[in-house]
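Written out below as structure tokens is the structure these notes cover.
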Amino acid sequence: MGRRARTRRATTTAALLAAALTVSLAAGCTGTNRPGPVDDGRGATQDGNESQDAGRDPGQDPGGAPSQSGLSGESVLAVKIDNVRAARPHTGTDSADIVYTEQVEGGLSRLMAVYATKLPKVIGPVRSARESDLELLRQFDNPTLAFSGAQGKLMPLIDKAPINPQTPGKTSGAYFRGTGKAAPHNLYLHPSRLLPKAPGADALTTGFTYGSAPSGGRKDTSETVRYPAATYQFTWSSSRDRYLVSMDGTAAVTTAGKRIAAATVVVQYVKIRKSAFHDFLGNNTPYTETVGSGKAKVLRGGKAYDVDWEREKATDGTTFTTGDGEPVNFAEGQVWVLYVKA
């Protein structure tokens, strides 16, 4: 329906152990050029502000709690979502306006769910951030990023970025430990503790346009997208007018049993290069470049369209156009954008 508008030594043995614990909690999944601790999903929880809801099932959030972050709620909420097998099913992902997927260490992938028109009661499981997230988020106006933490050398970059970073230690009661999954795959977010309300569609300054399908296209009712160690499949459902999402050969459903489905799927071919960061096993953390231009495939209405994409600078959204330069509209509803190596 038109283009969306514009829119962060002590001397005793005990003290040493305490310091080490603090570092490990803040470190996230990645390391730099040396091995680091395994991310347990807690992020920077040393100040004790993780919610006392530990043990609550993620589907039993009380809801209605006021925002504790002091944020106005006028920017989007972006949440890093764990999507390895042990983290599924997800909670709240079906309410996201946009779901981005990017490659991480070991050939796996991770999601970033972006919320503007609706805030579910609970979102998760929440995991750590990556350097690429900062570039991707620049398209939004001062967005809130909810994540479990990040490795020590990345955190200064996050703190300097024009975002509102929200880890478990920052806002009282925003995060809690759910049941049914082992740590680190059981950290959940109360989004109402971070934003008082959904900011609305105008905060989605992505460059996407919505409306009637372009002419042409070819029939495509099943599309598979592969990362080195993760697979996504999108199967067209004419009865739901959506692409049903599967991950690693299994239907993607929420904790409530609802099938996750996308109105539009974008397979965007980008440069994926090595970054300066590594995980604790020594695997390099890939950096996904989302500024530039290239080719993409847009799926909507059971058809595929081969298109061009362009994002001139980080503060811009991404435009998708046909060969003759006409904008390619997306279908109204949830959009999945999968960044894959060109």
V265, sole failed condition from (1) surrounded by 21 or more Cβ atoms within 10 Å (Cβ to Cβ); (2) out of contact with any Leu (no Cβ under 6 Å at 6 or more places or on another chain); (3) aliphatic (A, V, I, L, M): (2)
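For residues that are surrounded by fewer than 19 Cβ atoms within 10 Å (Cβ to Cβ), over 21 Å from D133 (Cβ atoms) and touching a strand residue (DSSP E or B) at 6+ places or on another chain (Cβ under 9 Å), tally how many sit in the range 326-342.
3
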Checklist (1) open to solvent by less than 50 Å² (accessible area, probe 1.4 Å); (2) of a type in the set (S, T, Y); (3) touching a strand residue (DSSP E or B) at 6+ places or on another chain (Cβ under 8 Å) applied to T205, failing item: (3)
Selected residue (criterion: nearest to the chain's Cα centre (by Cα)) from residues of the range 288-300 that are surrounded by fewer than 19 Cβ atoms within 10 Å (Cβ to Cβ) and not charged (D, E, K, R): V291
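For (1) more than 22 Å from Y339 (Cβ to Cβ); (2) not small (G, A, S), each residue gets a yes or a no:
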| site | (1), (2) |
| --- | --- |
| I158 | no, yes |
| P162 | no, yes |
| P165 | no, yes |
| G173 | yes, no |
| P184 | yes, yes |
| K197 | yes, yes |
| K219 | yes, yes |
Exclusive hit being out of contact with any Phe, Trp or Tyr (no Cβ under 8 Å at 6 or more places or on another chain) and surrounded by fewer than 21 Cβ atoms within 10 Å (Cβ to Cβ), set K153, K121: K121
Listing of strands (runs of 3 or more DSSP E) fully contained in the range 178-277 that carry 2 or more residues being charged (D, E, K, R): 222-227
Checklist (1) at pLDDT 95 or above; (2) open to solvent by 40 Å² or more (accessible area, probe 1.4 Å) applied to G323, failing item: (1)
T171 being in contact with a Leu (Cβ under 8 Å, 6 or more places away or on another chain), more than 22 Å from G106 (Cβ to Cβ), in a loop (DSSP other than H, G, I, E, B) and not basic (K, R): yes
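The values are calculated or read from the model by the stated rules, or taken from the named source; none is laboratory data. Treat the numbers as computed from the prediction; the structure is a model and nothing was measured. Cβ atoms come from the backbone with ideal geometry, glycine included; neighbour counts cover every protein chain shown. The protein model used for the area step is the full one, side chains on, heavy atoms only, and it has no ligands, DNA or RNA in it. Shrake-Rupley method; radii C 1.70, N 1.55, O 1.52, S 1.80 Å.
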